[in-house]
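Note sheet for the following structure.
The values are calculated or read from the model by the stated rules, or taken from the named source; none is laboratory data. This structure is a prediction, so every number in the text was calculated from the model and none was measured. Cβ coordinates were reconstructed from backbone atoms using ideal geometry, including for glycine residues, and neighbour counts include every protein chain displayed.
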Amino acid sequence: MIQKLKGTYDVYGDISKKHDYVKKLFQAVCESYNYSYIETPLIERSELYHRGVGETTDIVTKETYDFVDRGNRKNTIRPEATAGVARAIIEDKLYNILPLKLWYIGSMFRYERPQKGRYRELRQMGIESYGSNDPIMDAEVISLGVNFLKELGLRDVKVVLNSIGSMQTREKYKKALINHFKSDIDNFCDDCKNRLDKNPLRILDCKIDCNNKLVKNAPSILDYLNEEEKDHFDKVKKYLDSLDIDYEVDDTLVRGLDYYTNTVFEYVTKTNEFGSIGGGGRYNDLLKSLDGPDIPAIGFAFGLDRIISEIESNEIKLNLNDELDCYILTISENENGYALNLAQKLRMCGYKIDLDLSNKNMKSKFKEADRYKAKQIIIIGEEEASSNELTIRDNLTKEERKVAIDDIIDYFDVNL
Ligand code: AMP
């Protein structure tokens, strides 16, 4: 038997209803902030991620699904969406009309070690906001995520916030970190040994060495910010305060992607069972680094799979709206044609209808109606079909009554 790949899963039944609910809610919240939808290809040139996400990031060094196509070109199945959206913005000159507020949803692929909350096919929903370097935009972007989580019913969530300054600031800070760690680097994990020269900021969020004393008393990036960067960060905090957003500054938050500048943030639940449920930041230099214009930007991505896990572990009841308005069943095969036409008519009026064609006994047919959570059941026998007077059973009260076919819509208007 051929089995699914490690780190992937099939979406159907109850889980697909939950996915659908979360996606629709995210879309509604994005639209309420005036974001419009963008979809970019699942495959891009590998170079996009090397230059965009960064050569030394875990994603690019260890996790991308790369392949050479039949034309001998190096391609990568997207590990994240920001670089692809940036490529589209440059290629189609979408930056001609700013601001540009875009949202997306889709699968990303990373060759990670699969475990609970960590998949190789991960689904992300996110936003990309181009054209403003105003700290108000940082606060607005962060607030969109907070509002979405609140509407979902995930209340025990906080925003972890930091500023990692500009490239220049980070270069100075990197030197300070190298000095700080270098004498004791032999006591760190192999990844951190490699990170020391290439990307020492990542030592700060290493899962293995997080309790090392040197990590705990490392110099703080916040002491290296210049006046403008400090002012930006202070204003972001002030706006978040004014929006009553629960945040906590963590100067070790660096995020795993190279393109970030200034504000970075993550959404974490208080139990933090599966890792962060979302994260993002500013990437003012991203377009430039891909040969595009100099336009500031900020965005974030939520992990849909992790959000679903959080919903399940917090036993949050979603209003899945998965009931059927009406299940139509027939007493004999002779009435199936009549039922088909009635179903068609009711669906055209916007009702969610299914009809039974199973030829099973009546008891099983009623059981099916329960399985579909039907609110009403229409029962059609020979007499009903010839008189156009239908028997309707309210599936909650089990009350039955006769309704003329022409009055069904009125009946539904009142009873559904
Ligand atoms: P990133 O694109 O790495 O900044 O991640 C943004 C969000 O995507 C994280 O906060 C997670 O919720 C989610 N995420 C990242 N990697 C994975 C993964 N391997 N499996 C499931 N969710 C993930």
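So which residues in segment 141-157 are crowded, with 17+ Cβ neighbours inside 10 Å and either among the hydroxyl-bearing types (S, T, Y) or out of contact with any Gly (no Cβ under 7 Å at 6 or more places or on another chain) (or both), if there are any at all?
The answer is I142, S143, L144, V146, F148, L149, L152, L154, V157.
Which of the residues spanning segment 11-46 are within 16 Å of the ligand (Cβ to nearest atom) and either part of a loop (DSSP other than H, G, I, E, B) or touching a Pro at 6+ places or on another chain (Cβ under 9 Å) (or both)?
Of everything in segment 11-46, those that are within 16 Å of the ligand (Cβ to nearest atom) and either part of a loop (DSSP other than H, G, I, E, B) or touching a Pro at 6+ places or on another chain (Cβ under 9 Å) (or both) turn out to be V11, T40, L42.
From the list Y104, Y95, Y111, exactly one residue is assigned to a strand (DSSP E or B), more than 9 Å from the ligand (Cβ to nearest atom) and not hydrophobic (A, V, I, L, M, F, W, C). Which is it?
Y104
Would you check which residues across segment 310-335 are surrounded by 16 or more Cβ atoms within 10 Å (Cβ to Cβ) and assigned to a helix (DSSP H, G or I) and list them?
E310, I311, E335
Kindly indicate whether any position in segment 300-312 is within 15 Å of the ligand (Cβ to nearest atom), at positive phi and not aromatic (F, W, Y).
No: zero hits.
Inspect all residues belonging to segment 203-224 and state whether any of them is surrounded by fewer than 22 Cβ atoms within 10 Å (Cβ to Cβ), polar (S, T, N, Q), in contact (Cβ under 8 Å) with a residue 24 or more places away in the chain and part of a loop (DSSP other than H, G, I, E, B).
yes
Between I392, I328, I311, I380, which is of a type in the set (V, I, T), under 40 Å from the mean Cα position of the chain (by Cα) and at pLDDT 95 or above?
Checking each option against the conditions leaves just I328.
Taking the condition of being β-branched (V, I, T) and over 30 Å from I127 (Cα atoms), how many residues in segment 148-192 meet it?
Adding up the residues that qualify gives 2.
Evaluate segment 238-252: report whether one residue or more is on the phi > 0 side of the Ramachandran plot and in a strand (DSSP E or B).
no
Between a first residue in segment 303-332 that is under 15 Å from Y267 (Cα atoms) and of a type outside the set (F, W, Y) and a second residue that is outside any strand (DSSP E or B) and away from the ligand (no atom under 16 Å from the Cβ), which pairs have beta carbons less than 7 Å apart while being 6 or more apart in sequence or on different chains?
Partner pairs satisfying both residue conditions: I311/L318.
Starting from residues that are within 13 Å of S163 (Cα to Cα) and in contact with an Asp or Glu (Cβ under 9 Å, 6 or more places away or on another chain), keep the ones in segment 235-246 and report whichever is farthest from the ligand (Cβ to nearest atom).
Across segment 235-246, the extreme among qualifying residues is K235.
Can you name the number of the only condition in (1) more than 13 Å from the ligand (Cβ to nearest atom); (2) of a type outside the set (S, T, N, Q); (3) not in a loop (DSSP other than H, G, I, E, B) that P293 fails?
(3)
Here's the yes/no breakdown for (1) at positive phi; (2) aromatic (F, W, Y); (3) within 19 Å of the chain's Cα centre (by Cα):
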| residue | (1), (2), (3) |
| --- | --- |
| Y12 | no, yes, yes |
| S32 | no, no, yes |
| T56 | no, no, no |
| M108 | no, no, yes |
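Looking at segment 140-159 only, could you name the residues that are closer than 18 Å to R255 by Cα and not in a strand (DSSP E or B)?
V141, I142, G145
Of the residues that sit in segment 114-123 and are near the ligand (Cβ under 9 Å from one of its atoms) and part of a loop (DSSP other than H, G, I, E, B), which one is surrounded by the most Cβ atoms within 10 Å (Cβ to Cβ)?
Looking at the filtered set, the residue picked out is Y119.
Please specify each residue of segment 322-347 satisfying the condition of being among the polar types (S, T, N, Q) and either under 17 Å from Y372 (Cα atoms) or in contact with a Leu (Cβ under 7 Å, 6 or more places away or on another chain) (or both).
T330, N336
Are any residues in segment 287-310 farther than 13 Å from N133 by Cβ and small (G, A, S), and if so, which ones?
S289, G292, G299, A301, G303, S309
Find the residue count for segment 263-285, including only residues that are of a type in the set (D, E, K, R), more than 7 Å from the ligand (Cβ to nearest atom) and modelled with pLDDT of 95 or more.
Of the residues in segment 263-285, 1 are of a type in the set (D, E, K, R), more than 7 Å from the ligand (Cβ to nearest atom) and modelled with pLDDT of 95 or more.
Within the bounds of segment 194-202, is there any residue that is within 16 Å of the ligand (Cβ to nearest atom) and either over 17 Å from N162 (Cα atoms) or acidic (D, E) (or both)?
Yes, there is a match, as at least one residue in segment 194-202 is within 16 Å of the ligand (Cβ to nearest atom) and either over 17 Å from N162 (Cα atoms) or acidic (D, E) (or both).
Could you please tell me which pairs satisfy a Cβ distance under 6 Å, a separation of 6+ or placement on different chains, a first residue in segment 34-54 that is assigned by TED's automatic domain parsing to the domain that holds R87 and free of Cβ contacts under 8 Å to residues at least 60 places away in the same chain, and a second residue that is of a type in the set (V, I, T) and part of a helix (DSSP H, G or I)?
Listed pairs, sorted by first residue: Y49/V60; H50/V60.
Within segment 53-89, take every residue that is among the basic types (K, R) and over 15 Å from L42 (Cα atoms) and give me the one that is nearest to the ligand (Cβ to nearest atom).
K62
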